[in-house]
Amino acid sequence: MKPSAFEYGCPATLDDAIALLGSHGESALIAGGQSLVPLLNLRLAPFDFIVDIGRIAELRETRDLGDRVFVGAGLTHAMFEDGVAPDPGNGLMRKAAANIAYRAVRCHGTIGGSVAMADPAADWPAVLLALGAVAIVRGSQGERRVAMDDLLVGTYETSLRPGEIIAGFEVFKLTASARTSYVKFNKKVGAFATSLAVIVHDAANATTRIVIAGAGPRASLLPATAAALAIGIGTDASIATELDALMPETDAYLRHLHQTTLSRAIGEVSGA
Amino acid sequence: MSGDAHSSGGWIGASLLRKEDARHLAGKAMFIADVRLPGLQDIAFVRSQIAHGRITSVTKPANSQNRVFTIADFPSLNVLEAGPELDAFRQSPYPALASEKVRYVGQAIAACIATTRARAEDLAELVEVECTELPVVVDAIDAMSPGSARLFENWADNAYIARTISAGDMSLLKNAPIRLRRRFRMNRQATVSLETRGVVAYWDARLEELVVHLSTQGGHVMRLGLARALGLPENQIRVIAPDVGGGFGGKNRLLPEEIAVCAIALKVGHPVRWIEDRREHLLASVHCRDHHYDLTVTADGEGRLLGIEGDVYIDAGAYALWPTGSFMEASMAAGNLPGPYRVKALCVNTFTVATNKAPMGPYRGVARPGACFAIERLVDEVALHMGIEPYELRKRNLVTREEMPYVTVAGLKLDTGDYHDALDTAAAMVDIPAVRRRQAARKAGEPRIGVGFAVYTEQSGHGVVEWSKRKSRVVPGYESANVRMLPDGSVLIHVGVQNHGQGHETTLAQIAAHELSLDPSQIKIRYGDTATTPFGFGTFASRSIVFAGGAVGTTCRRLAEKIRLIGAHFLQADPKNVHIEDGQVVSQNGSVAFCEIALAANIRQEMLPQGMDPSLDMTGTYEPAESAGVFSYGTHAVVVEVDESTGGVKILDYAVSEDCGTMINPMIVDGQVQGGIAQGIGTGLYEEIPFNADGQPLATTFADYMMPCATEIPTVRITHSVTPAKVTEYGVKGVGEGGAIAPPAALANAVADAFRDCKASFNETPLTPRRVWDAVQLARASERAAS
């Protein structure tokens, strides 16, 4: 369980990283390495060239943009957990970060790495999707803004183009009266979620988003359920319909589990 | 003669901090991967991708001479007979590298060496293996159907051995008013020692011997196996086990990779090593558990258990491992089914079955976690059927103190103890009435609470009688110790057991300190090197404190007597009137320090009494006065919270009342109990290697293999009782395995208790959230169907 040989570059700036990424064959980015290193060791992901973006200072920047906050892709889960990184989600990001894997993983793993990896049950894709975040993506052609819903494609699959790097995320600040919930069920502490429900309910901004992860190949918005919650009507029927669409195969347990995490998350934001 | 545990010094029963912890805490221990030798190269194995197939060709990459090896490169390697010495036990020849056939995913086919492990893996990727796939046998019960494919063509069916274990009067069961049939399954898992397996081997030209650094539980026995496999005399093999980071049984078998590494070392002329990685460990190291039970329990109208009948299937995997295979699983599972209860009759058909999975080996508790799970679940099912407290049903059936020694229907002689007291204590610790009040006060939508019990026994310190009854190829009936007092009076003790976390450097020093009236800091315990230690079998089967403790104690006692005689001579006193105390020989008129006596005995022989042999160096062996074993026992009581919607189980309280006889170091006993329970919780709730229909294992990394960690393991509350054993030194009994035996049963009973209203039955481990949810759905559905 040792990787095959690869070349390694450790650029100091994002521009250098983008340039390096374009100059080699099968290359991969490494930030915290918490997913990539096991894949390399198992030789499931053969790469000729690894670009280490773990020492790029600008990836750890945060900026207050008024109604939004920019958080650099290189911020670690532990930085959010410890309150070192800002949390425009009124505590949601901090709570989610604290529940990712184990502390040792959280000290290395990054928010950008988690999203770029796009594990179907990962925390950050679900949380950022619920927060309506926009990924700031840089490539040799310049910068583009990609909504989370457009960035996430499938299992370990994003709409990032070859040579592009997530620089960070713009996350809207929730109002003081906004309510959020994060309900995760996993087989044991530290394991990926079997089911993860995340809700952002910000009535003052007329925003309600409900996300389920673990059902289907990527974290998904449940717009009909969110609409029902927003106008205060029962959500059971819409949950059932939307889960049907996400998981056509019959798995009574998983189905019930997703219903449970969603109902509990809805209960939390409803104050029930 | 047994030593008096309460004489001066008080070292027996003292919770001394462990001597070995300083180096572990400082990161200065030496495990196999820490062994660095000039010219060392790494080995990577090419492993089978398929579960069952005939090898048609293995093609080495170009220019890989002396870097890639297959079984064809070792024509003189011997294949060891393994399993019990019974004609009825079918042989399953297990070559060091696959020849002709592969029989499980992960079986080693070729070995590649290079200057680093990564380069060795590069080389391994270039080896081309072609196989003709054969039908796969994945289910132990289906494997016994007449139409099943067979692993070994010359066997009549897939059973290594099939035996019926029958005892007692079966006619008692005929008209039993209570008769319940249940199926139980304890799924397959790995042993998951923190340190994986590992070997470093090289030929020492000066000594003309093969030096093998091996992560093992017993170097002497492994040397015997290696000598036979390699065709070398034993005096040309030296096995060194440095710090061993856990074994749990898995390192008490000789595995093919270990033989292959040694064979390569003999060929290449420089040191080679193989460090098993975690994927290899989960894929191809010793697998364990995997018991299936189909049992009928009978009881009279008062709930007195009458008999247990049925079938036990052990899914033993593709090969028997040297020396003893996994044959003991079936006999011990059947033999422990009556538990500590007055069961009158037992009739169990056992099948030890070959399947296309990694070979099964021992794991902490060996067979008894499965047997305990089955009998303790059955007890609760009878109680549920009768509508009485499971605690109460146990009270009606448990052997009493007055009945001791009690021979169970299966022939196990429970020697000493008060099993009722252990049950009562555990019940009081978790407070059954308080749990019942909480259950009654539960509001709809709140999690459910349940309390569960499991009573266990732990046979330990068993010797010749028990192991020869089992037809064991190696009969670990004794242990030895070499005790030396050096000229300066310090003491060096070599033992044949192997510490792999048990704290031998501390407990054995406490015993020696007790016998020699010295401080444990003056005594060093050494083990783990066949070149320096007397022969011993190693550490397994909860045997070390009984056997090695006894060997150290009795040998030190003999040495102390010689010291006393020399001291009397120095003091010009009648030997009748001197005794040893605080490192001195003391008479009414004066004293002489051990260091003076040791100096004389070792380098100033002219000062010794006339005719006395010089030196203070004694070797002794020890076996207990009776070798059928002494039984530790206890009751585990656990309170769980179950989330009906998710199936998630959370442990709220875990209490243990146990008795392992005299405790040498109670803190270490607590550690053994707590550690065993951590693994028992793993078996009960988390750990599992499922296989698909093609025989592919589905948990080969920690992403899929759920290993309980600190967050999953509660701090266990432990109460000790001490009923000294009658046939061992100091009254000790073993304690290494007990913690791991009862948790699956206690947890399943607690979860079942939480769902008494719908009579849901939880009969398969691990109790994953999905299994818990499924069991409740099933019970609710049959409730609806009945109403």
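Quick test of your reading of the structure: B:ILE113 fulfils all but one of (1) within 23 Å of B:VAL268 (Cα to Cα); (2) part of a loop (DSSP other than H, G, I, E, B); (3) of a type outside the set (D, E, K, R); (4) touching a residue at least 60 places away in the same chain (Cβ under 8 Å). Name the failing condition by number.
For B:ILE113, the failing item is (2).
So for the range B:405-413 (the condition being touching a Leu at 6+ places or on another chain (Cβ under 6 Å) and in a helix (DSSP H, G or I)), does at least one residue qualify? I'd like the intermediate steps shown before the answer.
Restricting attention to the range B:405-413, the residues satisfying the condition of being touching a Leu at 6+ places or on another chain (Cβ under 6 Å) are B:406, B:409-410.
Within this subset, residues satisfying the condition of being in a helix (DSSP H, G or I) are none.
Scanning the range B:405-413, I find no residue that is touching a Leu at 6+ places or on another chain (Cβ under 6 Å) and in a helix (DSSP H, G or I), so the answer is no.
Tell me, please, whether a residue that is of a type in the set (Gly, Ala, Ser) and free of Cβ contacts under 8 Å to residues at least 40 places away in the same chain can be found in the range B:680-688. Break it down into steps so the answer makes sense when it comes.
Step one: filter the range B:680-688 for residues of a type in the set (Gly, Ala, Ser), giving B:680, B:682, B:684.
Now narrow it down to the ones that are free of Cβ contacts under 8 Å to residues at least 40 places away in the same chain: none.
No, the range B:680-688 contains no residue that is of a type in the set (Gly, Ala, Ser) and free of Cβ contacts under 8 Å to residues at least 40 places away in the same chain.
Return only the number of the condition from (1) in a helix (DSSP H, G or I); (2) surrounded by fewer than 19 Cβ atoms within 10 Å (Cβ to Cβ); (3) within 14 Å of chain A (Cβ to nearest Cβ) that B:ALA775 does not satisfy.
Against the list (1) in a helix (DSSP H, G or I); (2) surrounded by fewer than 19 Cβ atoms within 10 Å (Cβ to Cβ); (3) within 14 Å of chain A (Cβ to nearest Cβ), B:ALA775 comes up short only on (2).
If I filter the range A:201-211 for residues that are surrounded by fewer than 22 Cβ atoms within 10 Å (Cβ to Cβ), within 14 Å of chain B (Cβ to nearest Cβ) and assigned to a loop (DSSP other than H, G, I, E, B), do I get at least one hit?
Scanning the range A:201-211, I find no residue that is surrounded by fewer than 22 Cβ atoms within 10 Å (Cβ to Cβ), within 14 Å of chain B (Cβ to nearest Cβ) and assigned to a loop (DSSP other than H, G, I, E, B), so the answer is no.
Which of (1) touching a Ser or Thr at 6+ places or on another chain (Cβ under 7 Å); (2) open to solvent by less than 50 Å² (accessible area, probe 1.4 Å); (3) not in a helix (DSSP H, G or I) does A:HIS108 not meet, given it meets every other one?
Result: A:HIS108 passes all but (2).
Could you go through the range B:457-470 and let me know if any residue there is acidic (Asp, Glu) and on the phi > 0 side of the Ramachandran plot. Break it down stepwise before answering.
Looking only at the range B:457-470, we keep the residues that are acidic (Asp, Glu), and these are B:458, B:466.
Applying the additional criterion that residues be on the phi > 0 side of the Ramachandran plot yields none.
The answer is no; no qualifying residue exists.
Would you mind stating whether B:THR700 is away from chain A (no Cβ under 14 Å) and outside any strand (DSSP E or B)?
Numbers: away from chain A (no Cβ under 14 Å): no; outside any strand (DSSP E or B): yes.
No.
Does B:ALA531 satisfy the criteria of being of a type outside the set (Lys, Arg), open to solvent by 40 Å² or more (accessible area, probe 1.4 Å) and outside any helix (DSSP H, G or I)? If you could, list the steps in order and put the result at the bottom.
Details: of a type outside the set (Lys, Arg): yes; open to solvent by 40 Å² or more (accessible area, probe 1.4 Å): yes; outside any helix (DSSP H, G or I): yes.
It is true that B:ALA531 is of a type outside the set (Lys, Arg), open to solvent by 40 Å² or more (accessible area, probe 1.4 Å) and outside any helix (DSSP H, G or I).
Take residues that are more than 14 Å from every other protein chain (Cβ to nearest Cβ) and closer than 12 Å to B:VAL716 by Cβ and tell me which of the strands (runs of 3 or more DSSP E) falling wholly in the range B:595-690 contain 1 or more. Steps first, answer last, please.
Values: elements: B:617-622, B:630-642, B:649-659.
In the range B:595-690, B:630-642, B:649-659 are the strands (runs of 3 or more DSSP E) which contain 1 or more residues that are more than 14 Å from every other protein chain (Cβ to nearest Cβ) and closer than 12 Å to B:VAL716 by Cβ.
What number of residues within the range B:710-743 are among the hydroxyl-bearing types (Ser, Thr, Tyr) and within 14 Å of chain A (Cβ to nearest Cβ)?
1
Looking at A:LEU262, A:LEU229, can you tell me which residue is within 14 Å of chain B (Cβ to nearest Cβ), at pLDDT 95 or above and either open to solvent by less than 60 Å² (accessible area, probe 1.4 Å) or assigned to a helix (DSSP H, G or I) (or both)? Steps first, please.
Values: A:LEU229 fails: within 14 Å of chain B (Cβ to nearest Cβ).
The match here is A:LEU262.
Taking B:MET707 as meeting all but one of (1) within 14 Å of another protein chain (Cβ to nearest Cβ); (2) open to solvent by less than 10 Å² (accessible area, probe 1.4 Å), write down the number of the exception.
(2)
I'm told B:ARG770 meets every condition in (1) out of contact with any Leu (no Cβ under 7 Å at 6 or more places or on another chain); (2) assigned to a loop (DSSP other than H, G, I, E, B); (3) within 14 Å of another protein chain (Cβ to nearest Cβ); (4) of a type in the set (D, E, K, R) except one. Can you identify the failing condition by its number?
(2)
Determine whether the range B:230-250 contains at least one residue that is free of Cβ contacts under 8 Å to residues at least 60 places away in the same chain, among the acidic types (Asp, Glu) and under 28 Å from B:GLU505 (Cα atoms). Steps first, answer last, please.
If we filter the range B:230-250 for residues that are free of Cβ contacts under 8 Å to residues at least 60 places away in the same chain, which is where we start, we get B:232-236.
Now restrict to residues that are among the acidic types (Asp, Glu): B:234.
Going one step further and asking which of them are under 28 Å from B:GLU505 (Cα atoms), we end up with B:234.
Yes, there is a match, as at least one residue in the range B:230-250 is free of Cβ contacts under 8 Å to residues at least 60 places away in the same chain, among the acidic types (Asp, Glu) and under 28 Å from B:GLU505 (Cα atoms).
Select from the range A:38-49 the residues that are hydrophobic (A, V, I, L, M, F, W, C) and touching a residue at least 24 places away in the same chain (Cβ under 8 Å) and write down the one among them that is farthest from the other protein chains (Cβ to nearest Cβ). Talk me through it step by step, then tell me what you get.
Residues of the range A:38-49 hydrophobic (A, V, I, L, M, F, W, C): A:39-40, A:42, A:44-45, A:47, A:49.
Pick out the ones that are also touching a residue at least 24 places away in the same chain (Cβ under 8 Å) and you get A:40, A:42, A:47, A:49.
Values: A:LEU40: 10, A:LEU42: 7, A:PHE47: 14, A:PHE49: 16 Å.
Checked the range A:38-49; the qualifying residue farthest from the other protein chains (Cβ to nearest Cβ) is A:PHE49.
So which residues in the range A:222-272 are in contact (Cβ under 8 Å) with a residue 24 or more places away in the chain and basic (Lys, Arg)?
Listed by number, the list holds a single entry, A:ARG264.
Pick from the range A:167-191 the residues that are open to solvent by less than 20 Å² (accessible area, probe 1.4 Å) and touching a Pro at 6+ places or on another chain (Cβ under 7 Å): which of them is farthest from the other protein chains (Cβ to nearest Cβ)?
A:VAL171
Has the range A:28-51 got any residue that is farther than 30 Å from B:ALA120 by Cβ, open to solvent by 40 Å² or more (accessible area, probe 1.4 Å) and in contact with a strand residue (DSSP E or B) (Cβ under 9 Å, 6 or more places away or on another chain)? Break it down into steps so the answer makes sense when it comes.
Keep residues of the range A:28-51 that are farther than 30 Å from B:ALA120 by Cβ, which gives none.
No, that holds for no residue.
Would you check if B:GLY168 is in contact with a Leu (Cβ under 9 Å, 6 or more places away or on another chain) and open to solvent by 50 Å² or more (accessible area, probe 1.4 Å)?
The answer is yes for B:GLY168.
Condition first: within 18 Å of B:ARG436 (Cα to Cα) and either open to solvent by 20 Å² or more (accessible area, probe 1.4 Å) or small (Gly, Ala, Ser) (or both). Now tell me which residues in the range B:359-385 satisfy that.
B:ALA383, B:LEU384
Rundown of residues vs (1) open to solvent by 60 Å² or more (accessible area, probe 1.4 Å); (2) assigned to a loop (DSSP other than H, G, I, E, B); (3) more than 14 Å from every other protein chain (Cβ to nearest Cβ), yes/no style:
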{"position": "B:ILE50", "(1), (2), (3)": "no, yes, yes"}
{"position": "B:VAL58", "(1), (2), (3)": "no, no, yes"}
{"position": "B:GLU125", "(1), (2), (3)": "yes, no, no"}
{"position": "B:GLU130", "(1), (2), (3)": "yes, no, yes"}
{"position": "B:ASP139", "(1), (2), (3)": "no, yes, yes"}
{"position": "B:SER148", "(1), (2), (3)": "no, yes, yes"}
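Taking A:ARG179, is it within 17 Å of A:THR62 (Cα to Cα) and of a type outside the set (S, T, N, Q)? Spell out the reasoning first.
On the way: within 17 Å of A:THR62 (Cα to Cα): no; of a type outside the set (S, T, N, Q): yes.
Answer is no for this residue.
Which pairs turn up if I take residues in the range A:123-134 that are surrounded by fewer than 24 Cβ atoms within 10 Å (Cβ to Cβ) and look for partners that are assigned to a helix (DSSP H, G or I) with beta carbon separation below 8 Å, at least 6 apart in sequence or on another chain?
Every condition considered, the pairs that remain are A:GLY132/A:MET148; A:VAL134/A:MET148.
Out of all the residues in the range B:724-737, which are of a type in the set (Val, Ile, Thr), open to solvent by 10 Å² or more (accessible area, probe 1.4 Å) and in contact with a helix residue (DSSP H, G or I) (Cβ under 8 Å, 6 or more places away or on another chain)?
B:VAL735
Picking from B:ALA108, B:ALA114, which residue would you name as being under 18 Å from B:THR56 (Cα atoms) and touching a Lys or Arg at 6+ places or on another chain (Cβ under 8 Å)?
Numbers: B:ALA114 fails: under 18 Å from B:THR56 (Cα atoms).
After ruling out the rest, the residue left standing is B:ALA108.
I'd like to verify a number: residues in the range B:296-319 that are assigned to a loop (DSSP other than H, G, I, E, B) and open to solvent by 10 Å² or more (accessible area, probe 1.4 Å), how many?
The initial filter retains those residues of the range B:296-319 that are assigned to a loop (DSSP other than H, G, I, E, B), namely B:300-304, B:316-319.
The next check asks that each one be open to solvent by 10 Å² or more (accessible area, probe 1.4 Å); those that pass are B:300-302, B:304.
So the count comes out to 4.
Tell me the residue from B:ALA754, B:ALA746, B:ALA740 that is buried (at least 19 other Cβ atoms within 10 Å of the Cβ), closer than 25 Å to B:HIS504 by Cβ and of a type in the set (A, V, I, L, M), please. First the steps, then the outcome.
On the way: B:ALA754 fails: closer than 25 Å to B:HIS504 by Cβ; B:ALA746 fails: closer than 25 Å to B:HIS504 by Cβ.
Testing whether each residue is buried (at least 19 other Cβ atoms within 10 Å of the Cβ), closer than 25 Å to B:HIS504 by Cβ and of a type in the set (A, V, I, L, M) leaves just B:ALA740.
The values are calculated or read from the model by the stated rules, or taken from the named source; none is laboratory data. From a predicted model like this one, the values you see are computed outputs, not experimental measurements. Neighbour counts are summed over all protein chains in view; Cβ atoms, including those assigned to glycine, are modelled from backbone coordinates with ideal geometry. Keep in mind that these areas ignore ligands, DNA and RNA; they rest on the heavy atoms of the full protein, side chains included. Shrake-Rupley method; radii C 1.70, N 1.55, O 1.52, S 1.80 Å.
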